[in-house]
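Shown next, in structure tokens, is the structure this report addresses.
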Amino acid sequence: MAAAQEADTIPSAKVITNAQMIGVGGVNILDTYLSPEKYSGTEVRYMSHTLRRREGRRWSRMLVHQGSFAYADNRANEGGEMMGMYTFTYGVHYNWDFLGGRLNVIAGGQADAEIGFLYNTRNSNNPAQARLALKISPSAAVKYRFRLWNTPFSARYEVSAPLFGVMFSPNYGQSYYEIFSRGDYDHNVVPTTIASTPSLRQMLTLDFTLGRTTLRIGYLGDFRQAKVNNLKYHTYSNMVLIGFVRSFKLTNIIP
């Protein structure tokens, strides 16, 4: 009994790695509810990316907050679209460690909750579109630590693709007045699968230390598309990332 109680009070360290990043790059937007035209422009995104894992444990958690704003023009430069989006991601992954911990491979799943808007500056009728979605995605990542010029580096590649979920969408020809003022429901909450929302998110980053500060540079490719209710949507983002990384340990008592 005494040995069991002593084992229950062994300190366990939780390693937390948080990266704060800003991304800037190009975006291509299509929403046939607002316009059959494709719009191209610039997107700015803020991302907080956190990994949590207890030492000696195989499972880890990932929490990601993303907020973005984009402005895009059509080919004739006769009007634009403004897009704002917030995405929260919660993931759980199993870890494999190789080469004395220098190589880390994870695989698991994540849930993505999205809320946002798209506004077309040319439209007088139905000028805006709401974005609401919940997606479940398999995800994986690989991380490799190495040294160059006596400086520690860390390269990481992360990828996910939605398998199924649910999203909000008006039906073809249906106005928001009909949905919200008249209460005319017409398949506006749509179950989705990989067939109706073939999408991909990938991120490649490199961390390096200067003095006591760990910096991060990288690339984010976020390609979201959907075809529901006879409407087509896509948002293709290619962005350069820059930010800084903090890693620390929290020690507590295992309950």
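The values are calculated or read from the model by the stated rules, or taken from the named source; none is laboratory data. Here the structure is a predicted model, which is why all the values come from computation and not from measurement. Don't worry about glycine lacking a Cβ; one is built from the backbone with ideal geometry, like all the others, and counts go over all protein chains shown. What goes into the accessible areas is simple: the full protein's heavy atoms, side chains included, and nothing from ligands, DNA or RNA. Shrake-Rupley method; radii C 1.70, N 1.55, O 1.52, S 1.80 Å.
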Take the conditions part of a strand (DSSP E or B), farther than 22 Å from Val92 by Cβ and among the small types (Gly, Ala, Ser) and apply them to Ala226. Does it pass? yes
Considering every residue within region 29-42, establish whether at least one is surrounded by 17 or more Cβ atoms within 10 Å (Cβ to Cβ), touching a Ser or Thr at 6+ places or on another chain (Cβ under 8 Å) and more than 20 Å from Asn77 (Cα to Cα). no
Any residue in region 230-238 that is at pLDDT 95 or above and of a type in the set (A, V, I, L, M)? yes
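Going by what's in this entry, would Ser68 be described as of a type outside the set (A, V, I, L, M) and touching a strand residue (DSSP E or B) at 6+ places or on another chain (Cβ under 6 Å)?
Yes, satisfied.
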Quick check on my filter: what residues within region 206-231 are touching an Asp or Glu at 6+ places or on another chain (Cβ under 8 Å) and closer than 23 Å to Ala70 by Cβ? Arg216, Leu231
Quick one: how many residues across region 187-234 are open to solvent by 40 Å² or more (accessible area, probe 1.4 Å), within 19 Å of the chain's Cα centre (by Cα) and in contact (Cβ under 8 Å) with a residue 24 or more places away in the chain? 11
How do the pairs read when you match residues in region 25-51 that are farther than 22 Å from Ser175 by Cα and β-branched (Val, Ile, Thr) with residues anywhere that are outside any strand (DSSP E or B) and open to solvent by less than 40 Å² (accessible area, probe 1.4 Å), using Cβ under 9 Å and keeping only pairs 6 or more apart or on different chains? none
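Identify, from the list Asp222, Asp207, the residue that is at pLDDT 95 or above and under 17 Å from Ala19 (Cα atoms).
Asp207
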